[in-house]
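Only one structure is covered here, and it is reproduced in the block below.
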């Protein structure tokens, strides 16, 4: 099992707008279908983070689902809106060992 975390550092005052866009993305099915998925925000540590965490059986599953989603025109329009609220981001891919 692989856990993919997309960690986005949001601009100050942009959390609410970014959260609403994430809700829209979930309703529209823009998030790759994962075994488990959740959206988290920071409680301590660096402020104004939004973390998209998803689990996949294999890296191939993740890549395939990501490519399918990112090729959709509606997703591209939504992503342009989200980028306005993100200062910077990075991705972690972890392998579950136990």
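Only the coordinates and a few stated rules stand behind these numbers; no lab work does. This one's a predicted model, so the numbers in the text were calculated from it and none came from an experiment.
What number, rounded to the nearest 500 deg cm²/dmol, is the helix-based mean residue ellipticity at 222 nm of the chain, given -39500 (n - 2.57) per DSSP H run of at least four residues and division by all its residues? Could the numbers behind the result be given before it?
Values: 3 runs with 37 residues, N = 98.
After summing the helix terms and dividing by the residues of the chain, the value is -12000 deg cm²/dmol.
Any idea how far the Cα center of the stretch 4-33 sits from the one of the stretch 44-98, in Å?
So the separation of the two Cα centres works out to 9 Å.
In terms of the Cα gyration tensor, with a ≥ b ≥ c the square roots of its eigenvalues, is the stretch 2-95 rounded because a/c is under 1.5, prolate because a/b exceeds b/c, or oblate?
oblate
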